[in-house]
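Heads up: the structure comes next, in structure tokens.
The values are calculated or read from the model by the stated rules, or taken from the named source; none is laboratory data. Note that the structure is a prediction, hence the values are computed from the model and not measured. As a convention, Cβ positions derive from the backbone with ideal geometry for all residues, glycine included, and neighbour counts pool all protein chains shown.
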Amino acid sequence: MITRSCYHSLRIPAQHHLRRNTAKYYHDYTRFATPGGIVRVPLNSPKILGVVSSRGNRSHQEDHYAFATLSLPPESLAASIKKHHGVDWDASAVGEPLSREVTFVGIYDGHGGSAVSQYLRQELHGMFESVDKEHIPELYQWARELGGYFKRFRGGVLAPWIDPGVKDTPILDTEARATQAFWEADRHLSMDHVAQQCGATASVAILQSLDAPATAFFASDKLSVTIAHCGDTRVVLCAVDGGKAYPMTTTHHAEAHVEAARLRRMMGSSLVTDSFGESRWMGALANTRSLGDLQFKPFGVTPEPEVKSKLLKGSEWAYMIFFSDGISSILSDDEVVDLARDAPDPKAAATNILSFAEELGSDDNATVIVVPLAGWGKITGPDKTKGLRDYRRSQAVGSERQKRM
């Protein structure tokens with residue numbers, strides 16, 4: 001583990017703190033069309049997004065989160081929908097300003113301190129709006145200068161834009177926009193020495209209703225969901241049919257198949273098992289993808305997110321849940337989705353998950369975000385993990401009694 005802490009705020013030089021294009025259009029409410037006009041609903045309502053967070057028994061809170069409604073170019077959104085879903089989306093059927101709106105939800109789990117996760121909470125959603133493909137060649141050169149692993153880096157998803165001599169490059173779709181935003185965040189973090197020795201994992205969702213007239217994400221019949229993910233925070237969908245859990249993220253640990261193949265191909269093996277039996281890359285990091293951790297970047301730790309997109313029929317999905325490893329280290333995906341199924345609102349659902357993890361002994365920082373979808377409250381079939389949870393609760397209670405004797 002990284003032993004040096006960095007709990008103070010990052011101090012990015014003022015001239016670098018904001019992107020070249022500093023205009024921001026994001027806001028903290030969602031809008032949708034009704035026969036009487038456009039309605040605004042605040043995202044911080046417990047009925048719209050359920051959020052709970054706990055420090056556990058740690059001295060500092062390193063988990064952070066953010067949510068916002070972003071304004072993105074309709075042509076970029078249309079290109080993404082065509083690429084990932086094969087659907088021709090007509091922005092003119094929705095009209096301004098709703099054709100530009102997407103909902104952003106992000107969860108950030110810091111390690112070695114809270115500075116990087118706090119920076120992401122404050123800045124990453126703004127970067128999603130402000131990234132510019134004209135800046136990718138400069139960003140690519142910065143990545144190559146990290147050395148080591150990145151000497152062989154060829155741009156990944158951003159490869160079509162890395163040559164400054166190429167004209168008429170494609171428009172940035174959502175995958176490229178997310179990838180550039182993660183890279184830009186890492187470049188800005190590199191300007192402060194604090195981010196050399198601490199970092200954060202991140203899972204971000206972009207939700208776009210494809211309905212016309214426009215509907216909010218929680219009522220959308222046709223919803224595009226794009227997840228950009230680095231590390232071991234998790235995003236899981238819950239289906240109405242039987243309450244099945246559908247994971248949208250994989251864990252970026254060195255022993256994971258995708259990460260092991262990537263790192264061994266480029267770096268050989270630097271996997272060390274600690275005294276607790278946990279595998280750590282370079283003997284220090286559990287995660288092989290993260291933001292910050294600049295000292296480990298030459299050794300293959302990358303901020304490049306894994307991006308997945310899924311087109312949902314809203315009525316077939318009850319909710320989406322984001323959670324940090326203070327939850328996932330204790331509960332399975334199935335237990336997490338089942339704990340939310342009978343809650344009266346998203347905030348109560350998130351509270352149920354956190355409370356049960358703490359009952360079972362979670363003492364880490366823990367955060368849960370529950371995002372309701374059109375199938376909220378309509379899950380069919382039995383609670384699959386109730387018997388297991390009852391047994392685990394009884395064991396935890398018995399263990400606690402023995403400690404007190």
Only one residue in L172, L223 is touching an Asp or Glu at 6+ places or on another chain (Cβ under 9 Å), part of a loop (DSSP other than H, G, I, E, B) and crowded, with 23+ Cβ neighbours inside 10 Å. Which one? L172
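One line per residue, one yes/no per condition, for (1) within 15 Å of the chain's Cα centre (by Cα); (2) touching a residue at least 12 places away in the same chain (Cβ under 8 Å):
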residue: W142; (1), (2): no, yes
residue: T174; (1), (2): yes, yes
residue: S190; (1), (2): no, yes
residue: H193; (1), (2): no, no
residue: Q197; (1), (2): no, yes
residue: T215; (1), (2): no, yes
residue: L223; (1), (2): no, yes
residue: I227; (1), (2): yes, yes
Which pairs turn up if I take residues in segment 26-46 that are farther than 15 Å from F218 by Cα and look for partners that are surrounded by 15 or more Cβ atoms within 10 Å (Cβ to Cβ) and of a type in the set (D, E, K, R) with beta carbon separation below 9 Å, at least 6 apart in sequence or on another chain? Y26/E129; I38/R31
Out of all the residues in segment 210-223, which are out of contact with any helix residue (DSSP H, G or I) (no Cβ under 6 Å at 6 or more places or on another chain) and hydroxyl-bearing (S, T, Y)? T215
Count of segment 190-206 residues which are in contact with a strand residue (DSSP E or B) (Cβ under 7 Å, 6 or more places away or on another chain) and at pLDDT below 90: 1
Every listed condition ((1) under 22 Å from H27 (Cβ atoms); (2) over 21 Å from the mean Cα position of the chain (by Cα); (3) β-branched (V, I, T)) holds for I48 save (2)
I'd like the residue in segment 18-55 that is surrounded by 14 or more Cβ atoms within 10 Å (Cβ to Cβ) and modelled with pLDDT under 85 and, out of all such residues, is nearest to S117 (Cα to Cα). L18
(1) out of contact with any Pro (no Cβ under 9 Å at 6 or more places or on another chain); (2) modelled with pLDDT of 95 or more; (3) within 30 Å of P97 (Cα to Cα); (4) of a type outside the set (D, E, K, R): which one isn't true of A214, the others all being true? (2)
With the structure loaded, tell me whether G147 is surrounded by fewer than 23 Cβ atoms within 10 Å (Cβ to Cβ), touching a residue at least 24 places away in the same chain (Cβ under 8 Å) and on the phi > 0 side of the Ramachandran plot or whether it fails that test. yes
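Yes or no, residue by residue, for (1) surrounded by 20 or more Cβ atoms within 10 Å (Cβ to Cβ); (2) of a type in the set (D, E):
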{"position": "D88", "(1), (2)": "no, yes"}
{"position": "A91", "(1), (2)": "no, no"}
{"position": "G95", "(1), (2)": "no, no"}
{"position": "T103", "(1), (2)": "yes, no"}
{"position": "G106", "(1), (2)": "yes, no"}
{"position": "V116", "(1), (2)": "yes, no"}
{"position": "L120", "(1), (2)": "yes, no"}
{"position": "K133", "(1), (2)": "no, no"}
{"position": "E138", "(1), (2)": "no, yes"}
I'd like to check which strands (runs of 3 or more DSSP E) are fully inside segment 46-157 and have at least 1 residues that are closer than 20 Å to Q196 by Cα. 63-71, 101-111
Could you grab me the full set of residues in segment 348-357 that are crowded, with 18+ Cβ neighbours inside 10 Å and either over 23 Å from Y246 (Cβ atoms) or of a type outside the set (S, T, N, Q) (or both)? A349, A350, I353, L354, F356, A357
